[in-house]
Amino acid sequence: MSSAPISDPARRNIDAIRELEAEFARRRTGADRLIDAVSGFAGSFRFLLAQVAVLLAWVGANLGLVRGVRPFDPFPFEFLNFLVGAEAILLSTFVLMTQNRQTRQAEHWGHLQLQISLLAEQESTKMLRMLRLICARLGLERAAGDPELAEMIRTTHVEELARELEKAREETAAEPPAEPPPAEGPPNP
């Protein structure tokens, strides 16, 4: 079962997104690339296996289980604890740095999406106005005078929406948590 070919506008959109992602990747610094490589490896199954192998070898060697190797970090493996702690600090820093870069990229995409949404809203409003004029011209006063349409045609002011959203969030945050309904007891006989 073959799928329908993708339309030219959809293909152009896919290509545009691919180019935007490639541009973002090209703008990464050498440090960003290194940090991504370390974070990528540290989050892999190979890294987990390497960690387990090193820990088992270290413990085995220091418990005297490996012939020809004299214990160099006897139980309770203080030097191993130091190394594991230092590694945890470094890896968590790498992960945080990767997350910061990903957050910047997500903010970039969010701003782009907002711009596209605003443009789409403006285009939709303009089309609704044109449709209203067409309805009026064709003598479809009932459709042209629809109160819901009149409301939709009003220009959307982003600042007002942002203020109302923030106000709603503040009101929700200020409300005490809803109390659960009282538990129903057993029915009376």
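What residue, of MET152, MET127, is modelled with pLDDT under 85 and part of a helix (DSSP H, G or I)?
Answer to the check: MET152.
Can you tell me which residue among VAL54, VAL69 is more than 30 Å from the chain's Cα centre (by Cα) and within 30 Å of ALA31 (Cα to Cα)?
Of the residues listed, the single one that is more than 30 Å from the chain's Cα centre (by Cα) and within 30 Å of ALA31 (Cα to Cα) is VAL54.
Out of curiosity, is LEU133 over 30 Å from ILE17 (Cβ atoms) and either free of Cβ contacts under 8 Å to residues at least 12 places away in the same chain or loosely packed, with under 10 Cβ neighbours inside 10 Å (or both)?
yes
Checking the condition surrounded by fewer than 11 Cβ atoms within 10 Å (Cβ to Cβ) and outside any helix (DSSP H, G or I), which residue from GLU166, GLU170, GLU179 passes? Don't jump to the end; show me each part of the working.
Details: GLU166 fails: outside any helix (DSSP H, G or I); GLU170 fails: outside any helix (DSSP H, G or I).
None of the others qualify; the one that does is GLU179.
Being farther than 30 Å from ALA42 by Cα and charged (D, E, K, R) narrows it down to one residue among GLU160, GLU107, GLU78; which is it? Let's see the steps before the verdict.
On the way: GLU107 fails: farther than 30 Å from ALA42 by Cα; GLU78 fails: farther than 30 Å from ALA42 by Cα.
Criteria check complete, one pass: GLU160.
Could you grab the pairs with beta carbons closer than 6 Å, sequence gap of 6+ or different chains, first residue in the range 152-178 and more than 17 Å from SER117 (Cβ to Cβ), second one of a type outside the set (S, T, N, Q)?
ILE153/LEU128; ILE153/ARG129
Looking at (1) under 30 Å from the mean Cα position of the chain (by Cα); (2) farther than 30 Å from GLN51 by Cα; (3) of a type in the set (Gly, Ala, Ser), find the lone condition where ALA136 falls short.
Unmet for ALA136, out of (1) under 30 Å from the mean Cα position of the chain (by Cα); (2) farther than 30 Å from GLN51 by Cα; (3) of a type in the set (Gly, Ala, Ser): (1).
The values are calculated or read from the model by the stated rules, or taken from the named source; none is laboratory data. The structure displayed is predicted, hence computed values, not measured ones. We place every Cβ from the backbone using ideal geometry, glycine too, and count neighbours over all the protein chains shown.
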